[in-house]
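Asker: Take a look at the following structure, please.
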Amino acid sequence: MMFRVLLAALACSLPVGTGLRAEEPEVKQEELTELGEQMELMSSAFRRLRRQAAEPAYNESSVELVAVIRTAATAAKTLAPGKAAELPEGERAEFFAAYRARMDEVIAKLDGLLAALRSGDNPAAVKLVAELAALQKAGHREFRKRERD
Ligand code: HEM
């Protein structure tokens, strides 16, 4: 008996619950910019790379991860950070040139990292990964919008 009462209560509550949810404002996913998409690709590969860069057994896989990051960094270099739109027009060219130069540093480090991994020099690879993490931090401080830190 109790079970049937519970079932009835549940049946009654279902449409109401669904109706309420339909009236709630939609929680919008924040839109990723094209640059944000490339950064996300870099980020997931870099997270794995940081975990395995010290391990010679993973070098083949690490080389693949670096290749993914390099492709995304090369694409990212051609895209303008959202922050550029917030700057006075006269400052944008200099901002974009500095951004591209920083991304070139990232690409050069990635090439060094590829060489280190291919030659089995894991201590050098670990050092380069730490330098890349520092470039990431500096790059975000300088070129990303403030609220996204
Ligand atoms: C391994 C290095 C790096 C990783 C893993 C990385 C990762 C990320 C991630 C996860 C985001 C957030 C994406 C989003 O949700 O919008 C982001 C945003 C951003 N990153 Fe990086 N980043 C790296 C290096 C750099 C460097 C060196 C620079 C600058 C030269 C840079 C500039 C930016 C900018 C400007 C944004 C904001 C995107 C926009 O303005 O649309 N990042 N990055």
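Just so it is clear, none of the values below were taken in a lab; they were calculated from the coordinates. As the structure is a prediction and not an experimental result, all values here were calculated from the model. Note: ideal-geometry Cβ built from the backbone for every residue, glycine included; neighbour counts use all protein chains shown.
Asker: Can you compute 3J(HN,Hα) from phi for each residue in the range 48-61, using the Karplus curve 6.51 cos²θ - 1.76 cosθ + 1.60 with θ = phi - 60°, rounded to whole Hz and x for Gly and Pro?
Answerer: Each residue of the range 48-61 in turn: 5, 4, 4, 6, 10, 4, 7, 9, x, 4, 9, 4, 5, 5 Hz.
Asker: Further question: Could you please rank Leu128, Leu41, placing first whichever residue has the fewest other Cβ atoms within 10 Å of its Cβ?
Answerer: Final ranking by Cβ density, sparse to dense: Leu41, Leu128.
Asker: Can you sort Arg51, Arg92, Arg146 so the residue with the fewest Cβ neighbours within 10 Å comes first?
Answerer: By the 10 Å Cβ count, ascending, the order reads Arg146, Arg51, Arg92.
Asker: Then there's this: How much FRET efficiency would the formula 1/(1 + (r/R0)^6) give for Ala67 and Arg146, where r is the Cβ-Cβ distance and R0 is 30 Å, rounded to 0.05?
Answerer: For Ala67 and Arg146, the calculated efficiency is 0.40.
Asker: Once amide H atoms are placed 1.01 Å from N in the peptide plane, what residues at a sequence separation of 5 or more from Leu79, or on another chain, have their amide H within under 5 Å of its amide H?
Answerer: Hits under the 5 Å cutoff: none.
Asker: Could I ask something else about it? Using the structure shown, select from Lys109/Lys137; Lys109/Lys145; Lys77/Lys145 the pairs with a Cα to Cα distance greater than 20 angstrom.
Answerer: Over 20 Å Cα-Cα: Lys109/Lys145.
Asker: What ³J(HN,Hα) values, in whole Hz, does the Karplus curve 6.51 cos²θ - 1.76 cosθ + 1.60 give for the range 75-85 when θ = phi - 60°, with x put for Gly and Pro?
Answerer: Whole-Hz 3J(HN,Hα) from phi for the range 75-85: 5, 4, 4, 8, 9, 8, x, x, 4, 4, 5.
Asker: Just to check I understand the Karplus step: with θ = phi - 60° and J = 6.51 cos²θ - 1.76 cosθ + 1.60, what whole-Hz values come out for the range 128-135, glycine and proline as x?
Answerer: Residue by residue, the range 128-135 yields 5, 5, 5, 5, 5, 4, 5, 5 Hz.
Asker: Something else: List Ile107, Ile69 from most exposed to least, where exposure is judged by having the fewest other Cβ atoms within 10 Å.
Answerer: Ile107, Ile69
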